[in-house]
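Input: a single structure, listed below in C-alpha cells.
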Amino acid sequence: MKFETKTVHWGDRKKTGGFVPVTTPIYTASSYAYDSMDQLDRIFGREEEGPSYARYDNPTRSTLEELVRELEGGAGALACASGMIAIQMALMTALLDRPKRVIAASALYGATTNLLMNILGPMGVETTFVDICDLAAFEEALVEVKPGAVILETVSNPLLRVAALDKIATLCTTANAPLIVDSTFATPLLVRPLELGAHIVVHSATKYLAGHGDVLGGILIADQEDYNVARTISRTLGPIMGPFDAYLTLRGIKTMALRVTCQCENACKVASWLATNPGVERVYFPGDPRHPDASTIARLFPKGLYGGMISFELKGAGRDEVFRFMEKLNLIVRATSLGDVHSMMLYPAMASHRDVAPKQRHRLGIHDNLVRLSVGIEAVEDILADLDQAFSA
Ligand SMILES: Cc1ncc(COP(=O)(O)O)c(C=O)c1O
C-alpha cells in the first residue's frame, strides 16, 4: 500500500465478535473479561495479543500505535499523553542502561530544553548543547562527551534549520548512543528518520498528526530494542494517551497526507510572497534555495515538500510593533501550537521561548522581531490578503 492509502486503512476493521466496524471505535473499558483463566494467563504473559488492563493496552490506542509504527517504518510505537512525555519516555529509554549524558541540539523546543536543564539536570543527567548543523562540532562533542543519547529536531523550532540526521545517525550507531529525533515539524509524509538510521522518533501528535486543534498527545516510534524498553517503562508508569485522544488522532491521520501536502504548497507561496515584502527583514523557510542547509534539505526532503512552517522577521520592529502587527490579523489565529488546519501565528519570544533568558534567546538567533507562522489549508489568497492588510495597517 502507498503511504496515503495506509493513512486511511491501516489497523481498522478488526473483527470484534460477530461484526466489523469500518473505523476503529473508542474503547473506554479499563479492564477486560475473558472466557477462561488460561486465556487471561496467556494475555498477561504476552503469548497472545489482546488487552488486559488500560495502563498496558487499549484497542483504540493500539490501532493508532500500529498505524503510526507503519507510517514511520518502526518496530513499535507508543502513544503518549503529550509530546513532552513522549520525549521524556524516549530519553528514559535511551539512558536506562547507558551513561547519563546527553548531547542535544542547541535549537530545540523550549520545553525540551527546560526538561533537560531543569528536570533531568538536577536528577543527574548532564546535557551538552551543540550546534547540530555543524557536523564537525558534533563529531568533536561525541568523542568528548561519550553520551548515552543524542536528541535533535528534524526541522528546528523556530528557525527551521535542518541537520544532517542521516550522517549523525551513523555516528550515533557507532558510538552506541541512540539518536532521538523529534519529527513533529516534518511528519512521516515528508521525512522518515528511522529509515535514515535514527533509533527513536517522537512526535507531538497535538500538531500535524491530529491536525485539528482538539488533541493533546505524543507518540514514540522505535526500533525493536528501544521499543521493548519503552514499552516496559510505559507498562509501569502509564504515560499513555487516552482512548478519546487516540480516536481523534486516528481520525486526523486519515487526512494527514491531504492536509500536509496542501499546507506545504501554501507555505511555499506564502514564503515567496513574504520574501518580496518590504516590511520583512528575513524569511526562514526550508524550501528557500538560499537556506543555509539547502544541500541537506535536498537529500532529506526528496518530495519537494518542505513543511508548512515559516518564520520571518519584521523590518525594524520590536515587541510593540510585533504585538500591533499580530493584533491586526483577522484570519490567522494568534495562538500557540502549530500544524492545525487553520493558519496560526506565534511570537516565540513571548511563547515557545519565553523561559529562555533574553541573552541566550538572541544568541540562538531568536530576535524580538521574529514571528512564526503555521500555514493552514485555507485558500492561499485569503492567507496572503490577511498578512497584506496587517502589514498595511
Ligand atoms: C517540536 C515540538 N516538540 C514537542 C512539543 C511538545 O508537544 P506537546 O505540547 O504535545 O507536549 C512541541 C509543542 O509545541 C513542539 O513544537
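The values are calculated or read from the model by the stated rules, or taken from the named source; none is laboratory data. The model shown is predicted, which means the values in this text are computed figures rather than measured ones. Neighbour counts are summed over all protein chains in view; Cβ atoms, including those assigned to glycine, are modelled from backbone coordinates with ideal geometry.
Close Cβ contacts (under 8 Å, 6 or more residues apart or on different chains) running from residues in the stretch 74-94 that are within 11 Å of residue 223 (Cβ to Cβ) and in contact (Cβ under 8 Å) with a residue 12 or more places away in the chain to residues that are more than 12 Å from the ligand (Cβ to nearest atom) and assigned to a loop (DSSP other than H, G, I, E, B) comprise 74/223; 75/223; 93/178. The residues of the stretch 43-84 that are of a type in the set (D, E, K, R) and under 19 Å from residue 16 (Cα atoms), listed by number, are 48, 49, 57, 61, 65, 66.
Name the residues in the stretch 1-23 that are over 22 Å from residue 33 (Cα atoms) and touching a helix residue (DSSP H, G or I) at 6+ places or on another chain (Cβ under 8 Å), would you? Across the stretch 1-23, the qualifying residues are 1, 3, 4, 6, 7, 10, 11, 12, 23.
Among the residues of the stretch 40-50, is there at least one that is of a type in the set (A, V, I, L, M) and either within 16 Å of the ligand (Cβ to nearest atom) or touching a strand residue (DSSP E or B) at 6+ places or on another chain (Cβ under 6 Å) (or both)? No, the stretch 40-50 contains no residue that is of a type in the set (A, V, I, L, M) and either within 16 Å of the ligand (Cβ to nearest atom) or touching a strand residue (DSSP E or B) at 6+ places or on another chain (Cβ under 6 Å) (or both). Set side by side, the residues 179, 209 differ, and just one is closer than 16 Å to residue 74 by Cβ and within 12 Å of the ligand (Cβ to nearest atom), which is 209. Applying the criterion of being buried (at least 20 other Cβ atoms within 10 Å of the Cβ) and out of contact with any Phe, Trp or Tyr (no Cβ under 8 Å at 6 or more places or on another chain) to the residues of the stretch 267-307, the residue that is nearest to residue 387 (Cα to Cα) is 270.
I'd like to check something: does the stretch 321-333 contain any residue that is under 21 Å from the mean Cα position of the chain (by Cα) and not aromatic (Phe, Trp, Tyr)? Yes, there is a match, as at least one residue in the stretch 321-333 is under 21 Å from the mean Cα position of the chain (by Cα) and not aromatic (Phe, Trp, Tyr).
If you go through the stretch 68-93 and keep only what is more than 20 Å from residue 156 (Cβ to Cβ), in a helix (DSSP H, G or I), among the aliphatic types (A, V, I, L, M) and in contact with a strand residue (DSSP E or B) (Cβ under 8 Å, 6 or more places away or on another chain), you end up with 68, 85, 89. Within the stretch 90-97, the presence of a residue that is more than 14 Å from residue 230 (Cβ to Cβ) and of a type in the set (Ser, Thr, Tyr) is excluded.
When you check residue 217 against the structure, is it farther than 16 Å from residue 297 by Cα, within 16 Å of the ligand (Cβ to nearest atom) and either among the polar types (S, T, N, Q) or surrounded by 19 or more Cβ atoms within 10 Å (Cβ to Cβ) (or both), yes or no? Yes; evaluated as a whole, the condition is true for this residue. Return yes when residue 65 is more than 16 Å from the ligand (Cβ to nearest atom) and assigned to a helix (DSSP H, G or I) and no when it is not. For residue 65, the condition - more than 16 Å from the ligand (Cβ to nearest atom) and assigned to a helix (DSSP H, G or I) - is met. Any residue at all in the stretch 334-353 that is touching a helix residue (DSSP H, G or I) at 6+ places or on another chain (Cβ under 6 Å) and of a type in the set (S, T, N, Q)? There is at least one residue in the stretch 334-353 that is touching a helix residue (DSSP H, G or I) at 6+ places or on another chain (Cβ under 6 Å) and of a type in the set (S, T, N, Q). Among the criteria (1) in contact (Cβ under 8 Å) with a residue 40 or more places away in the chain; (2) surrounded by fewer than 22 Cβ atoms within 10 Å (Cβ to Cβ), the one residue 210 does not fulfil is (2).
Does residue 5 qualify as being part of a loop (DSSP other than H, G, I, E, B) and either farther than 30 Å from residue 131 by Cβ or modelled with pLDDT under 95 (or both)? In short, no. Just one of the numbered conditions (1) on the phi < 0 side of the Ramachandran plot; (2) within 16 Å of the ligand (Cβ to nearest atom); (3) in contact (Cβ under 8 Å) with a residue 60 or more places away in the chain; (4) not in a strand (DSSP E or B) is not true of residue 160: (1).
Consider residue 185 carefully, then state whether it is of a type in the set (Phe, Trp, Tyr) and out of contact with any helix residue (DSSP H, G or I) (no Cβ under 7 Å at 6 or more places or on another chain). Considered against the rule, which asks whether it is of a type in the set (Phe, Trp, Tyr) and out of contact with any helix residue (DSSP H, G or I) (no Cβ under 7 Å at 6 or more places or on another chain), residue 185 comes out as yes. For residue 293, state whether it is over 22 Å from the mean Cα position of the chain (by Cα) and at pLDDT 95 or above. It is false that residue 293 is over 22 Å from the mean Cα position of the chain (by Cα) and at pLDDT 95 or above. Select, from 113, 184, 154, the only residue that is in contact (Cβ under 8 Å) with a residue 12 or more places away in the chain, hydroxyl-bearing (Ser, Thr, Tyr) and surrounded by fewer than 24 Cβ atoms within 10 Å (Cβ to Cβ). None of the other options fit; the residue is 113. Looking at 154, 170, just one residue is away from the ligand (no atom under 16 Å from the Cβ) and among the hydroxyl-bearing types (Ser, Thr, Tyr), and that residue is 170. In the set (1) touching a Lys or Arg at 6+ places or on another chain (Cβ under 7 Å); (2) away from the ligand (no atom under 13 Å from the Cβ); (3) modelled with pLDDT under 95, the condition left unmet by residue 225 is number (1).
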